[in-house]
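Structure first, commentary second.
The values are calculated or read from the model by the stated rules, or taken from the named source; none is laboratory data. What you see is a predicted model; the values in this text were computed from it and never measured. Backbone-built Cβ (ideal geometry, glycine too); neighbour counts: all protein chains shown. Note: accessible area is taken over every heavy atom of the protein model, side chains too, but ligands, DNA and RNA are not part of it. Shrake-Rupley method; radii C 1.70, N 1.55, O 1.52, S 1.80 Å.
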Amino acid sequence: MDADAEVILHAPPFVRVFKSGRVERLLGNEVLPAGLDPATGVVSKDVLIDPATNLVARLYLPDLAGSPPDRKLPVLVYYHGGGFVIETAFSPTYHNYLNSLVAAAGVVAVSVDYRRAPEHPLPAAYDDSWAALQWVASRPSKEEWLAERGDLGRVFLAGDSAGANIVHQVALRVAAEGLSGGATIKGLLLIHPYFWGAEPLGSESRDPETRAGPEKIWALVCPGTVGPDDPRLNPLAEGAASVAGLPCRRVLVTVAEEDILRERGRAYYEALERSGWEGEARLMEAEGEQHVFHFRDPKSATAVSMMQAVVSFLTSD
């Protein structure tokens with residue numbers, strides 16, 4: 001059989017990998033250009049952070065008409081989801097969501113387009129995400145949206161699914177290495193985080209075939225992993241860095257009742273509560289909803305409620 005036609009791995013609904021090395025992504029391939037969003041007044045642009053790795057981010061600025069010229073805004077660094085495999089910072093899903101969130105919360109946002117597996121297995125996505133945060137913390141003078149409007153004393157890290165996994169990993173690196181330029185992580189937002197583990201938790205499925213789904217993706221994106229209790233996938237595994245060291249004072253974890261990953265988000269929140277971490281943690285659960293439901297139907301009552309909670313988290317002192 002032709003090596004470019006022979007499938008060696010099929011991981012629906014994400015990707016097919018062929019013997020030749022060709023990767024066929026089954027979702028998240030559409031992109032939207034940066035620019036002015038007429039519906040919200042938010043303007044966006046794409047910036048190259050690191051030519052060596054082609055690391056790019058999309059920056060968002062809310063409509064500041066009538067605002068004082070010296071008004072400083074919180075900075076939101078966002079890491080998109082997609083199992084480390086699909087979607088980009090330029091996908092309609094994320095572009096539309098960031099336009100709405102930036103308008104509602106009045107923040108400067110940096111949506112990171114990290115390298116994806118399997119062409120670039122982990123830790124590439126972690127390294128790119130860390131490099132993007134370091135770039136933000138450096139207050140790049142050529143990027144006036146950050147240099148003139150960004151308040152580096154109010155930096156938030158946020159992401160959904162695999163992006164929430166990245167949030168945790170980047171936060172641990174901040175705790176270990178610090179940030180330059182006096183930047184401070186004020187809060188972490190983990191939306192339906194992609195965490196897993198070898199042993200079922202709570203109401204989590206015991207069915208081997210069901211449990212194989214998250215594990216199959218992890219094996220694809222992280223070759224050589226020790227398995228589902230790899231601390232990068234299971235932040236509560238033996239040997240994982242303690243969540244007590246998170247370098248912020250506020251964390252919001254959101255979960256969905258019908259999401260296979262729900263128990264992992266709940267366990268993360270509960271671990272924070274008992275760890276001795278001195279911050280304030282909040283858990284928000286959407287009843288009757290699936291994984292990242294707010295992208296599929298952003299005008300639903302539960303999605304609107306979730307958006308309000310996220311905005312409050314980003315804007316309250």
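Entry note, segment 1-101: relative contact order of 25 percent, from Cα contacts under 8 Å with a spacing of 6+ residues.
The trypsin sites (Lys or Arg not before Pro) of segment 25-89 that DSSP puts in a loop, and whose beta carbon has at most 16 other beta carbons within 10 Å, are Arg71, Lys72. Here the Kirkwood formula puts the hydrodynamic radius of segment 1-154 at 16.7 Å, using every distinct Cα pair.
Largest first, the residues Phe90, Phe18 sort by 1.4 Å accessible area into Phe90, Phe18. Compared with the dominant Cα axis of the chain, that is its longest principal axis, helix 301-315 is turned about 50°.
A convex hull fitted around the alpha carbon atoms of segment 75-210 yields 138 Å³ per residue. Converting the Cα gyration tensor eigenvalues of segment 207-317 into ellipsoid dimensions via √(5λ) gives semi-axes, longest first, of 25, 22, 11 Å. Over the residues of the chain, the helix contribution to mean residue ellipticity at 222 nm works out to -9500 deg cm²/dmol, using -39500 (n - 2.57) for each DSSP H run of at least 4. Measuring between alpha carbons in the structure, the pairs from Lys142/Lys186; Lys19/Lys45; Lys19/Lys142; Lys45/Lys186; Lys45/Lys216 lying more than 32 angstrom apart are Lys19/Lys45; Lys19/Lys142; Lys45/Lys216. According to the calculation over all Cα-Cα pairs in segment 93-143, the P(r) per 10 Å bin from zero is 22, 37, 36, 5 %. Over the chain, Cα pairs under 8 Å with separation of 6+ residues give a relative contact order of 14 percent. Note on exposure: Tyr78, Tyr97 ranked by accessible area (1.4 Å probe, complete protein assembly) read Tyr97, Tyr78, with the most exposed listed first.
Assuming R0 = 22 Å, what is the FRET efficiency of Ser67 and Asp317, from their Cβ-Cβ distance, to the nearest 0.05? Please report the intermediate quantities before stating the final value.
Working: r = 19 Å, r/R0 = 0.86.
Result of the calculation: an efficiency of 0.70.
Helix 262-274 and the longest principal axis of the Cα set of the chain meet at an angle near 60°.
Convex hull volume per residue, computed on the Cα atoms of the chain, equals 140 Å³.
Viscosity 0.692 mPa s, temperature 37 °C: what is the translational diffusion coefficient of segment 129-191 from Stokes-Einstein with a Kirkwood Rh over Cα pairs, rounded to a whole number of µm²/s?
Here the translational diffusion coefficient equals 274 µm²/s.
Our summary gives segment 98-177 a relative contact order of 24 percent, counting only alpha carbon pairs under 8 angstrom and 6 or more residues apart. Applying 1/(1 + (r/R0)^6) with R0 = 30 Å to the Cβ-Cβ distance of Ala5 and Ala176, what FRET efficiency is obtained, to the nearest 0.05? With R0 = 30 Å, the Cβ-Cβ based efficiency is 0.10.
Could you please state, rounded to a whole Å, how far the C-alpha centre of segment 16-92 is from the C-alpha centre of segment 134-151? Segment 16-92 and segment 134-151 have Cα centres spaced 17 Å from each other.
Among the trypsin sites (Lys or Arg not before Pro) in segment 238-317, those located in a DSSP loop and surrounded by at most 12 other Cβ atoms within 10 Å of their own Cβ are Lys299. One quarter of the convex hull surface built on the alpha carbon atoms of segment 155-258 amounts to 7.3 nm², the projected area averaged over directions. May I ask you to list the residues of segment 243-269 whose amide nitrogen lies under 13 Å from a point 7 Å from Cα along the Cα→beta-carbon direction of Arg296? Only 256-260 pass the distance filter.
Restricting attention to the chain, close to 40% of DSSP beta bridges with both partner residues there are antiparallel.
Where does segment 264-317 land on the Kirkwood hydrodynamic radius, alpha-carbon pairs, in angstrom?
Roughly 12.8 Å, rounded to one decimal.
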